[in-house]
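One structure, pasted below without further comment.
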Amino acid sequence: MRYKFYQYNEKSLRSLSGLSVEQFNELLPYFAHSHNEYFSKYDMNGKYRNNRRSYVIYKNSPLPTIEERLFFILVYLKNNPLQEYHAACFGLDQKHCNSFIHVLYRILENCLHDAEVMPTDDQKKFSLILKSLSQANEELPILLHDGTEREIPRPVDLEEQQENYSGKKKKHTLKNAVIITSCCMILFVSQSVCGKMHDKKIADTLYDFPYPCVLYQDTGYQGFRPEGVVTKQPIKKPKGRDLSVSEKDFNKEISSFRIRVEHAIGSTKRMRIVKDECRLRKNNFTKRIFKTCAAIHNFRINLNPWKYEF
């Protein structure tokens, strides 16, 4: 499998890497800069070089160009294959495939930071973003939040098994909360927590809204009303009676707008590494990967904004 065979094939490149030809070419300069910057300081094992130098890819390298290397890591994240299979596709053995995955993933993270599309997981940085949104517009900024689960391998340790078992999914999972704008740009991704933690508990403990905004949420956040925030959520069906027609219309209106957060999460999970079971454990990979895939979603949104009619 080589990039040159797919670089002009829009359908195949999108299916294999998750990016269109235009998006791939836009991301490539950021990746090239981060790639050369990284290898001028570190080697393939992440060890610091004593003498900093300009980096040149050797001609006998199994991934001889930067385009091939970006294609390699995107294909891995998009399809989540076995490493033996991925290595066979690119003419590597499994050991070198594993090394390339981890080092190129780190470079991809750096390049997404350089492209300014990486969502934050820090409350202080999110507060600054919310402050800037509040000052930029006369109206209150509109945000949406929700939680999402993703499968992980069954832990060996019994306590970890019980902690990460999700009764909702009947699997061992990790969970992240996301906060997005009305245009589906992901601003915040919470730290990865065990799958059985409730969405409201994550909101109570891991993030806050220190500046006024309008917040859309589902009924799982019942009772979550931060000070100064206007919350919009569907009316929960009372026990023993049905909702009235006006209440159903209100719920439909809220849900038709709140679906955007589901679309953003679904677009992030276009990368199957966060949709299917993630088997990598080294370098805290499973806890970092969702934020990176959210950044890839943001990069696509920047180039091709999603349009909605209010």
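Go through the stretch 143-176 residue by residue and tally those that are closer than 30 Å to P212 by Cβ and out of contact with any Lys or Arg (no Cβ under 9 Å at 6 or more places or on another chain).
Of the residues in the stretch 143-176, 2 are closer than 30 Å to P212 by Cβ and out of contact with any Lys or Arg (no Cβ under 9 Å at 6 or more places or on another chain).
Another one. Got at least one residue in the stretch 131-149 being among the β-branched types (V, I, T) and in contact with a Cys (Cβ under 9 Å, 6 or more places away or on another chain)?
Yes, because at least one residue in the stretch 131-149 is among the β-branched types (V, I, T) and in contact with a Cys (Cβ under 9 Å, 6 or more places away or on another chain).
I'm checking my understanding of the structure. Among residues of the stretch 268-292 that are under 15 Å from L104 (Cβ atoms) and in contact with a helix residue (DSSP H, G or I) (Cβ under 7 Å, 6 or more places away or on another chain), which one is surrounded by the fewest Cβ atoms within 10 Å (Cβ to Cβ)?
First pass over the stretch 268-292, keeping only residues under 15 Å from L104 (Cβ atoms): 271, 273, 280, 282-283, 285, 288-289, 292.
With the extra rule that they be in contact with a helix residue (DSSP H, G or I) (Cβ under 7 Å, 6 or more places away or on another chain), the set shrinks to 271, 273, 280, 282-283, 289, 292.
Details: M271: 24, I273: 24, L280: 20, K282: 9, N283: 12, I289: 21, T292: 22.
Taking the candidates together, the pick is K282.
Specify which of the listed residues (A203, A177) is touching a helix residue (DSSP H, G or I) at 6+ places or on another chain (Cβ under 6 Å) and crowded, with 18+ Cβ neighbours inside 10 Å. Reasoning before the result, please.
Numbers: A203 fails: touching a helix residue (DSSP H, G or I) at 6+ places or on another chain (Cβ under 6 Å).
Only one candidate qualifies: A177.
Within the stretch 169-212, how many residues turn out to be closer than 26 Å to S256 by Cα, of a type outside the set (S, T, N, Q) and assigned to a loop (DSSP other than H, G, I, E, B)? Steps first, answer last, please.
Step one: filter the stretch 169-212 for residues closer than 26 Å to S256 by Cα, giving 169, 175-190, 198-204, 207-209, 211-212.
With the extra rule that they be of a type outside the set (S, T, N, Q), the set shrinks to 169, 175, 177-180, 183-189, 198-204, 207-209, 211-212.
Then drop every residue that is not assigned to a loop (DSSP other than H, G, I, E, B), which leaves 169, 183-185, 198, 207-209, 211-212.
Residues that pass the stated criteria total 10.
Picking from K196, K252, which residue would you name as being at pLDDT below 90 and assigned by TED's automatic domain parsing to the domain that holds K169? Working first, answer last.
Values: K252 fails: at pLDDT below 90.
Result: K196 is the single residue among K196, K252 that is at pLDDT below 90 and assigned by TED's automatic domain parsing to the domain that holds K169.
If we scan the stretch 85-92, do we find a residue that is outside the structural domain of F285 (by TED's automatic domain parsing), in contact (Cβ under 8 Å) with a residue 60 or more places away in the chain and closer than 19 Å to M271 by Cβ? Before the answer, list the steps.
Going residue by residue through the stretch 85-92, those that are outside the structural domain of F285 (by TED's automatic domain parsing) are 85-92.
Now narrow it down to the ones that are in contact (Cβ under 8 Å) with a residue 60 or more places away in the chain: 89-90.
Cutting the leftovers down to closer than 19 Å to M271 by Cβ gives us 89-90.
The answer is yes; a qualifying residue exists.
Is it the case that the stretch 124-137 has a residue that's modelled with pLDDT of 90 or more, part of a strand (DSSP E or B) and not basic (K, R)?
Checking the stretch 124-137: not a single residue is modelled with pLDDT of 90 or more, part of a strand (DSSP E or B) and not basic (K, R).
A follow-up question, please. If K196 satisfies all but one of (1) touching a Gly at 6+ places or on another chain (Cβ under 8 Å); (2) basic (K, R); (3) closer than 13 Å to I142 by Cα, what's the number of the condition it fails?
Answer for K196: the failing condition is (3).
Ok, one more. State whether one or more residues within the stretch 158-172 are crowded, with 19+ Cβ neighbours inside 10 Å and without any contact (Cβ under 8 Å) to a residue 24 or more places away in the chain.
Yes: the stretch 158-172 contains one or more residues that are crowded, with 19+ Cβ neighbours inside 10 Å and without any contact (Cβ under 8 Å) to a residue 24 or more places away in the chain.
Follow-up. Of the residues F100, F31, F39, which single one is farther than 17 Å from F285 by Cα, modelled with pLDDT of 90 or more and not basic (K, R)? Quick ask: steps written out before the conclusion?
Working: F100 fails: farther than 17 Å from F285 by Cα; F39 fails: modelled with pLDDT of 90 or more.
Unique residue meeting the criteria: F31.
Related question: Give just the number: which of (1) within 14 Å of G195 (Cα to Cα); (2) more than 20 Å from the chain's Cα centre (by Cα); (3) surrounded by 12 or more Cβ atoms within 10 Å (Cβ to Cβ) does E149 not satisfy?
For E149, the failing item is (2).
Among the residues of the stretch 16-74 satisfying the criterion of being closer than 15 Å to H102 by Cα and hydroxyl-bearing (S, T, Y), which is surrounded by the fewest Cβ atoms within 10 Å (Cβ to Cβ)?
Looking at the filtered set, the residue picked out is Y42.
Would you point out which residue out of S134, S182 is among the polar types (S, T, N, Q), under 20 Å from the mean Cα position of the chain (by Cα) and farther than 21 Å from S34 by Cα? Break it down into steps so the answer makes sense when it comes.
Working: S134 fails: under 20 Å from the mean Cα position of the chain (by Cα).
Checking each option against the conditions leaves just S182.
Restricting attention to the stretch 36-59, does a residue exist that is among the acidic types (D, E) and in contact (Cβ under 8 Å) with a residue 24 or more places away in the chain? Can you show your working first?
Our first condition is that a residue be among the acidic types (D, E); within the stretch 36-59, this holds for 37, 43.
This time we only want the ones that are in contact (Cβ under 8 Å) with a residue 24 or more places away in the chain, so: 37.
There is at least one residue in the stretch 36-59 that is among the acidic types (D, E) and in contact (Cβ under 8 Å) with a residue 24 or more places away in the chain.
I've got another one for you. When both residues are 6+ apart or on different chains and their Cβ atoms are under 8 Å apart, which pairs have a first residue that lies in the stretch 230-248 and is assigned by TED's automatic domain parsing to the domain that holds P141, and a second that is small (G, A, S)?
Final answer for the pair search is P234/S255.
The values are calculated or read from the model by the stated rules, or taken from the named source; none is laboratory data. Computed from a predicted structure; not experimentally measured. With ideal geometry, Cβ positions are generated from the backbone for all residues, glycine too; neighbour counts draw on all protein chains shown.
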